[in-house]
Each structure stands twice: as structure tokens, then as C-alpha cells.
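Working notes, structure below.
The values are calculated or read from the model by the stated rules, or taken from the named source; none is laboratory data. Please read all numbers here as calculations on a predicted model, not as lab measurements. Backbone-built Cβ (ideal geometry, glycine too); neighbour counts: all protein chains shown.
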Amino acid sequence: MSKTFTYFAYGSNLLAKRLRLNNPSAIRNGIGKLEDYEIDFASFSPRWRGAIATITRKKGKVIWGSIWELDDDDMKTLDEQEGVAKGVYFGMDVDVITQDGNRKRCRLYKLNHKVQVVTNIEDLPEERRPSPAYLKVILLGAKESNLPEDYVEFLRKIPHNGYSGDIGIDLDVLEKGS
């Protein structure tokens, strides 16, 4: 019997099809929230053709996400997917509050990049905006995960950079309408 770890996804890995591209053992175990943080974007991704998700400390805010259980064997592929060896993201353990109010220790990934906090997500500078495709994957994952509707509405307010060309990841969900 293999050992597992718990992972909190708040970006493109909210979408099962995206996470399971490289991590086939992933099983969603509900949703949770990370308190006193907010989703943010920075660091241009050649794959996604725009800024990628990270977390920033923000008192009184929350990030909702999916709680996944993965085999320990998938830790290496998840680290590779998140660019840990290249210094893109680093893994950290956080306490996530589950829907039933319990705390669960989860691994998450944060950009290894200092981010200037914006007061309002709608005011993201142009160079920190995600591509429409990346934002679509996050929104599809948020809906698939059954994140609270007010949080999904918040995610819909995130401005994108308008990029309309190909991206470096093959997900057929991007070909379909929203």
C-alpha cells in the first residue's frame, strides 16, 4: 500500500484533467480555504503565454481550492510540473480549513518570486495578467470543484492579457466553449 500526501490546488490544478496529465493518482477529497491569503498572478509563463497563479498574504481574504490526495510517487512529477527544480515555484505546507471546519495540512506551491500586492485583483498590472486560456482552466476547475459561487464570481473578475494564440499545453477543454 503506497503512502499519500495531501495537496491544495488553487490555480490550473483545480481542473482534474490538468492535474492528472502528470499525476494519475490524484483523487479530489473535497474543497477548503486558506485564510489570510489571496490568489495573485506574476511571472510570465511561456507555456501559458501569461502570468501564472501564486498566493499573497492578505489579512481577511481567503483562497478556495481543491484538496487532492496523491501517491507519494507523484510528488516528484508534481514538483516537476510546478518547476521546483527550475526555481519557478516552491512547495510549502499550510493549514487549510475544510468545508466541515476542520484543519488539514496540505502542500501547495507558491511562486518563488516577490509579488507587489495589489489592493484589488481587477487592478492587476498588464504584465501580471494571465492568458485567457489559463484563466479558463482555473474557472473550469473552480466550477468542477464546486467552489463557492461568490468565489467563482471573484475569479471571473480577474483581468486577462488578451492573448489568443496557441498555448504550450494540450487540453481539449480549451477548444470547447466556456
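When each of 129, 49, 103, 107 is tested for being modelled with pLDDT of 95 or more, basic (Lys, Arg), touching a helix residue (DSSP H, G or I) at 6+ places or on another chain (Cβ under 9 Å) and closer than 25 Å to residue 5 by Cβ, the lone residue that passes is 107.
Of all residue pairs spaced 6 or more apart or on separate chains, those with beta-carbon atoms under 7 Å, a first member in segment 66-84 that is crowded, with 20+ Cβ neighbours inside 10 Å and assigned to a loop (DSSP other than H, G, I, E, B) and a second member that is hydrophobic (A, V, I, L, M, F, W, C) and at pLDDT 95 or above are 82/88.
Can you pull out the residues in segment 38-65 that are over 13 Å from the mean Cα position of the chain (by Cα) and in a strand (DSSP E or B)? Within segment 38-65, 43, 44, 45, 50, 57, 58, 59, 60, 61, 62 meet the criteria.
Determine whether segment 141-153 contains at least one residue that is at pLDDT below 90, closer than 28 Å to residue 79 by Cβ, surrounded by fewer than 18 Cβ atoms within 10 Å (Cβ to Cβ) and out of contact with any Pro (no Cβ under 7 Å at 6 or more places or on another chain). Scanning segment 141-153, I find no residue that is at pLDDT below 90, closer than 28 Å to residue 79 by Cβ, surrounded by fewer than 18 Cβ atoms within 10 Å (Cβ to Cβ) and out of contact with any Pro (no Cβ under 7 Å at 6 or more places or on another chain), so the answer is no.
Of all residues in segment 1-29, those satisfying the criterion of being within 15 Å of the chain's Cα centre (by Cα) and part of a strand (DSSP E or B) are 6, 7, 8, 9, 28. Just so you know, in segment 132-166 the residues that are over 14 Å from the mean Cα position of the chain (by Cα) and small (Gly, Ala, Ser) include one that is nearest to residue 43 (Cα to Cα), and it is 162.
One residue stands out in segment 102-133 among those that are crowded, with 17+ Cβ neighbours inside 10 Å and of a type in the set (Lys, Arg): the one that is nearest to residue 9 (Cα to Cα), namely 107.
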